[in-house]
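What follows is a set of notes on a single structure, which appears directly below.
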Amino acid sequence: MTSKLPPTLLRAAGAAALALGVALPAAAQEITIIREIDSNHYDPPRTAALAGSEVLFMLTDSMVGLAEDMKTIEPLIASSWDISDDGLTYTFHIRDDVDFCSGKKMTAEDVAYSLNRWNDPATKSPVRWRMGDVKSITAPDATTVVYELNAPHSELLYQLAQSFGAILNKDKVEELGENFGVTGFDGTGPFCWESWTPRDKLVMTRHEGYHWGPANYENQGPAQVEKLTWQVVPEAATRTAALLTGQGQVSPYVPDIGWSRLRQMPNIEVVRSDEAFWTEFIGFKVDKPMVEDVKVREAINLAVNQEAITQDLFFSERDPAYSYISSGALDYNPAIDDGLLKYDPEKAAQLLDEAGWKLNADGKREKDGKLLQPLLYTFTGTWQQVTEAVQADLLKVGIELQIQPFDATVYWGKVATQEFDMFVMGYPYISAGDALNLYFLSANMPSPNRMNWNDPETDQLLKSGMTAVSADTRAEDYGKVLEKVHDAAVWLPIDQKAMQIAYLKTLKPFKAHNIYGAGLYKGLQLGYAE
């Protein structure tokens, strides 16, 4: 079987054991999950990184769970809830049989503390908006939490299912301070924090007393394996080889060149979910001199060949993106379709001329003695390859894109600054509101609104859409924002991809989830076949 592998995978397979340093499962009680990058920390309300959320879903529980259909809300920490007729008050009835990994009994006090910490401006959560316009969150007794809003929030339960609303041990958070999620952790999830070596691996062990998992799982606890290791493997070929050699048992991070090969392997299964969406894009900091002119941003969009990128780098496993969200997302506005910017380098050159960026004797764009050399921050790895392809396309129209790559543990801090013109990002969503409220609220500057998009009309439309009680009103408001930001060419969309996970058939079959792009969700389904 290995003799049919491409030479790059043969070499990688030979080196995989050394690169990973992971032994085969002992007594079928350990699973290694292969991932591409690490998070910069694991404090739930302070990270919007997928690399953070995919681990946190296993270490913690949220108020409610979410089924694989991405629609059905399941009881989790809250066994039930009541919603007032005006949609402003949610009364959650909290389970009384939940323990943290430390053994401490969880109460409504920990729930209210965790949610109030998420909402506290001092926490600087990049996703605070997901909570809605909070009036108060209180715990009148040990099993009740009252969540009061100043305005309705139609997606509140969906947002409370996310990892940002994880319930944490108040005592442990206060003990560790800024080191919570760095040197230690204490949650109620099916797995417990054992150790983290940044840029290498995070090890978690089974929470033996866990029995309150969401109803979408046949196994609601405890977990089926004693230990899970999230192993960082930056090299694309080595990630594929890790599965082929059994050094890892599961991975959502197979490089695109590897998916077709793995589908042919008799010992490997590939599962897919199309229940949510993932778009990757390059954003512009719209108030920086290099890219402040909308004609320059439009020209960059027109100069880049997304179809070629998805074919050459992603082997057609992804679709080229021209809109900021998928046309299948709730509240997508088809009115933007005719104006989407697609590959047209001649039109790009024309717009650059109109903007005053003329070709000099060296074939480079110049204006007032300055060259058009925007600075782009990127992750290393796959994203760096994408930006180099973009760089080559832009050079054809005279733009000298400057690329600065960073490891993922550094990148997140770098893109919270004002030191760059362009940046890379990918994000999961199920609706227009889910996407637009994340990136285009002015209150979310400088991160995750890294574009410095500061527009009062956008803010008002997003607020109206979030609090709308009518689906038509919500769609109209979000549709106007979609038109506005596309007209301003705030992003350069690159691709849209589906959730796929490869795993060894020595494991039991399971479905891919798609909550925030974290395909393994709680990890309760992971176990070895008998």
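Quick one: Debye curve from the C-alpha atoms of the stretch 45-158, no solvent, what's log10 I(q)/I(0) at q = 0.15, 0.16, 0.20 Å⁻¹?
-0.70, -0.80, -1.31
Just the Cα atoms of the stretch 166-303: what Rg and Dmax do they give in Å?
Cα only, the stretch 166-303: 21.1, 59 Å (Rg, Dmax).
Over the chain, give the accessible area per residue in Å² for a 1.4 Å probe, as an integer.
That works out to 38 Å² for each residue.
Volume per residue, Å³, of the convex hull around the alpha-carbon atoms of the chain?
Taking the convex hull of the Cα positions in the chain, it is 143 Å³ per residue.
In what sequence, highest mean first, do 82-88, 391-397, 162-168 appear when ranked by Cβ atoms within 10 angstrom?
Ranked from most to least packed, the peptides come out as 162-168, 391-397, 82-88.
Which value results for Rg/Rh of the stretch 289-350 when Rg is the Cα radius of gyration and Rh the Kirkwood radius based on the inverse mean 1/r?
My calculation puts Rg/Rh at 1.02.
How big is the stretch 74-226 by the Kirkwood estimate over distinct Cα pairs, in Å?
16.4
Specify, per residue and in Å³, the volume enclosed by the convex hull of the alpha carbon atoms belonging to the stretch 332-474.
So the per-residue hull volume is 155 Å³.
Give a residue-ordered list of calculated ³J(HN,Hα) values for the stretch 85-101 (Karplus: 6.51 cos²θ - 1.76 cosθ + 1.60, θ = phi - 60°; whole Hz; x for Gly, Pro).
Karplus values, whole Hz, x for Gly and Pro: 4, 8, x, 9, 10, 10, 10, 9, 9, 8, 4, 10, 10, 9, 10, 6, 4.
Quick one: what do you get for the stretch 234-345 if you divide its Cα Rg by 2.2 N^0.38 Å?
1.37
Can you say what percent of the DSSP beta bridges in the stretch 344-436, counting only those with both residues inside, are antiparallel? Round to 5.
Restricted to the stretch 344-436, the bridges split so that about 35 percent are antiparallel.
Calculate log10 I(q)/I(0) of the stretch 161-229 for q = 0.29 Å⁻¹, where I(q) comes from the Debye formula with a single equal point scatterer on each Cα and nothing for solvent.
After summing over all Cα pairs, the log10 values are -1.29.
What net charge do the residues around V145 carry, taking every other residue with its C-beta under 12 Å from that of V145, with Lys and Arg at +1 and Asp and Glu at -1?
-4
Using the Karplus curve 6.51 cos²θ - 1.76 cosθ + 1.60 with θ = phi - 60°, what ³J(HN,Hα) values do you get for each residue of the stretch 406-415, in whole Hz, with x for Gly and Pro?
Each residue's phi maps through the Karplus curve to give 9, 4, 4, 5, 9, 4, 4, x, 5, 7 Hz.
What's the long-distance tail for the stretch 437-530, i.e. % of Cα pairs beyond 19 Å?
More than 19 Å apart: 60 percent of the Cα pairs in the stretch 437-530.
Of the trypsin sites (Lys or Arg not before Pro) in the stretch 96-164, which ones lie in a loop per DSSP and count no more than 13 other C-beta atoms within 10 Å?
Passing sites in the stretch 96-164 are K124.
With a 10 Å radius around each residue's Cβ, average the other Cβ atoms per peptide and rank 375-383, 336-344, 455-463, highest first.
Highest-to-lowest ranking by the protection proxy: 375-383, 455-463, 336-344.
Can you give me the C-alpha center-to-center distance between the stretch 284-330 and the stretch 476-523, rounded to a whole angstrom?
If you average the Cα positions of each part, the centres end up 16 Å apart.
List every residue whose amide H lies under 5 Å from the amide H of G248, counting only residues 5 or more places away in sequence or on a different chain, with H placed 1.01 Å from N in the peptide plane.
L243
Given the Cα-Cα distance of T143 and L359 and 0.36 nm per residue of separation, how much length would full extension add, in nm?
So the extension gain works out to 70.9 nm.
Would you mind calculating the relative contact order of the stretch 402-465 from Cα pairs under 8 angstrom and at least 6 residues apart, reporting the percent as a whole number?
26
Label-point separation (nm) for Q385 and L371, each offset 7 Å from Cα along Cα-to-Cβ?
About 2.8 nm separates the two model spin labels.
According to the square roots a ≥ b ≥ c of the eigenvalues of the Cα gyration tensor, what is the shape class of the stretch 323-387, taking rounded for a/c under 1.5, prolate for a/b larger than b/c otherwise, and oblate for the remainder?
Judged from the Cα gyration tensor, the stretch 323-387 comes out oblate (a/c at least 1.5, b/c at or above a/b).
The values are calculated or read from the model by the stated rules, or taken from the named source; none is laboratory data. Note that this is a predicted model, so its numbers are computed, not measured. Note that we place each Cβ from the backbone using ideal geometry, even for glycine, and neighbour counts take in every protein chain shown. To get the accessible areas, we keep the full protein, side chains included, count just its heavy atoms, and leave off ligands, DNA and RNA. Shrake-Rupley method; radii C 1.70, N 1.55, O 1.52, S 1.80 Å.
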